[in-house]
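The values are calculated or read from the model by the stated rules, or taken from the named source; none is laboratory data. On a predicted model such as this, the values are computed, not experimentally measured, just so you know. Glycine gets a Cβ as well: all are built from the backbone with ideal geometry, and neighbour counts include every protein chain shown. Heavy atoms of the whole protein, side chains included, go into the accessibility calculation; ligands, DNA and RNA do not. Shrake-Rupley method; radii C 1.70, N 1.55, O 1.52, S 1.80 Å.
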Amino acid sequence: MIKLKSNQTRTYDGDGYKKRAACLCFRSESEEEVLLVSSSRHPDKWIVPGGGMEPDEEPSVAAAREVCEEAGVKGTLGRLVGVFENQERKHRTYVYVLIVTEVLEDWEDSVNIGRKREWFKIDDAIQVLQCHKPVQATYFEALQESCLTSNGTPLVATIGGDLSPSYSINQSSVSSIR
């Protein structure tokens with residue numbers, strides 16, 4: 001399903017969930033520092049860069065596009081951390097690792113809406129995300145889990161009303177992202 005919004009096209013999966021993609025943008029392969037961006041709705045709050053997928057766009061392509069638009073970075077797209085389902089907001093977000101190789105001086109959201117970006121140590125990022133975007137804080141739990149899985153099968157995290165994630169391997173999501 002597709003819905004048109006004033007400045008974008010929103011796409012939905014078969015369950016009616018908005019399709020989103022995001023990246024955990026790391027300064028280096030050591031994955032010790034992650035880049036967060038200021039929220040467009042709450043400029044004093046930090047979020048993981050990401051957004052809606054365009055019609056017929058692959059999740060990995062959408063993730064790379066969104067971080068370039070929102071965070072002004074380009075890099076090497078790595079593993080899929082998982083697909084995160086937010087039942088409250090009715091969206092599913094494909095979250096990837098991106099190792100930053102280029103930082104743009106001016107980028108779309110900095111010019112258009114004054115968006116800021118900042119590097120955070122992982123623990124600090126989790127702390128600031130838990131206040132404003134607790135679902136995004138769970139990306140880092142799955143990141144640690146994904147380092148432990150050897151077969152490359154993505155995790156699917158379902159975030160319930162209590163915001164505690166439950167992880168499962170979902171074969172239907174595997175076939176749709178490969």
Inset, instruction - With θ set to phi - 60°, apply the Karplus curve 6.51 cos²θ - 1.76 cosθ + 1.60 along region 24-41 and write out the HN-Hα couplings as whole Hz, x wherever there is a Gly or Pro. - result: 8, 8, 9, 5, 8, 5, 6, 6, 9, 10, 10, 8, 10, 10, 6, 5, 5, 7
Inset, instruction - Once you have a ≥ b ≥ c as the square roots of the Cα gyration tensor eigenvalues for region 9-51, tell me rounded if a/c is under 1.5, and otherwise prolate or oblate according to whether a/b is larger than b/c. - result: oblate
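For Val111 and Glu145 in one chain, what is 0.36 nm times their gap in residues minus the Cα-Cα distance, to one decimal in nm?
The span from Val111 to Glu145 would gain 8.6 nm if fully extended.
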Legend entry - 3J(HN,Hα) from dihedral phi, region 59-72, Karplus parametrisation 6.51/-1.76/1.60, rounded to Hz, x for glycine, proline: x, 5, 5, 4, 4, 5, 5, 4, 6, 5, 5, 8, 10, x
Legend entry - Burial order of peptide ranges 41-50, 77-86, 91-100 (average beta-carbon count within 10 Å, highest first): 91-100, 77-86, 41-50
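Which peptide among 108-118, 130-140 comes first, and what is the full order, when sorted by highest mean count of other Cβ atoms within 10 Å?
Working: 108-118: 14.8, 130-140: 18.8.
Result, highest mean Cβ count within 10 Å first: 130-140, 108-118.
Would you mind working out the accessible area per residue for region 8-155, using a 1.4 Å probe, and quoting it in Å²?
Numbers: 7120 Å² over 148 residues.
Ligands and nucleic acids excluded, the result is 48 Å² per residue.
So, R0 is 30 Å and r is the distance between the beta-carbons of Glu31 and Asp56; what FRET efficiency does that work out to, to 0.05?
0.45
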Inset, instruction - Pop the C-beta distance of Gln127 and Leu104 into the FRET formula with R0 = 22 Å and round what comes out to the nearest 0.05. - result: 0.20
